[in-house]
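To start, the structure under review is shown below, and the notes come after it.
The values are calculated or read from the model by the stated rules, or taken from the named source; none is laboratory data. What you see is a predicted model; the values in this text were computed from it and never measured. Quick reminder, even Gly has a Cβ in these numbers, built from the backbone with ideal geometry, and neighbours come from all protein chains shown.
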Amino acid sequence: MDETPVPLSAREVERRLRDLPGWKPAGNEITRTFRLRYHGGVALIVHVADVQRLIGHHADIDLRWDSVRFGITTHDAGHRLTEADFDLAHRIDAIAAAHGAE
């Protein structure tokens, strides 16, 4: 039986964001935009998508000519932030660094 994810308090979200430079709160999600050219952005998205499939948690992704924006929230928790969102943000940061994204 699947457990419902537990939403984090506003105080806990603020605390966890301190460990994620570049990520910002935006409504019920956290977001970050990475700068890199289009084909590099596509490669970054494919790499992130592979990890997301494995962990079963997904970001909203917006690809532009010179950037990729990720937005993360937990839909199963009523579009609120949970531990899984911050775990995914850390993973995205590591993948973006490996792709040379700024």
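Every residue, every condition in (1) among the aliphatic types (A, V, I, L, M); (2) over 11 Å from D85 (Cβ atoms), yes or no:
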residue	(1), (2)
A10	yes, yes
G22	no, yes
G27	no, yes
I30	yes, no
R35	no, yes
G41	no, yes
V51	yes, yes
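Which of the residues belonging to segment 48-68 are of a type outside the set (D, E), under 18 Å from H99 (Cα atoms) and surrounded by fewer than 16 Cβ atoms within 10 Å (Cβ to Cβ)?
Within segment 48-68, A49, V51, L63, R64, W65 meet the criteria.
Output the residue which, of all residues in segment 17-42 that are surrounded by fewer than 17 Cβ atoms within 10 Å (Cβ to Cβ) and among the aliphatic types (A, V, I, L, M), is nearest to A101 (Cα to Cα).
V42
Conditions tested, residue by residue: (1) more than 13 Å from the chain's Cα centre (by Cα); (2) touching a residue at least 40 places away in the same chain (Cβ under 8 Å).
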site: P5; (1), (2): yes, yes
site: E12; (1), (2): yes, no
site: N28; (1), (2): no, yes
site: T33; (1), (2): no, no
site: H58; (1), (2): no, no
site: F70; (1), (2): no, no
site: T82; (1), (2): no, yes
site: D93; (1), (2): no, yes
site: E102; (1), (2): yes, yes
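Check off (1) over 23 Å from R16 (Cβ atoms); (2) in contact (Cβ under 8 Å) with a residue 40 or more places away in the chain; (3) of a type in the set (D, E, K, R) for R37 and give me the number that stays unchecked.
(2)
Can you tell me which residue in segment 66-101 is nearest to F34 (Cα to Cα), limited to those that are in a loop (DSSP other than H, G, I, E, B) and at pLDDT 95 or above?
Looking at residues that are in a loop (DSSP other than H, G, I, E, B) and at pLDDT 95 or above, I get A101.
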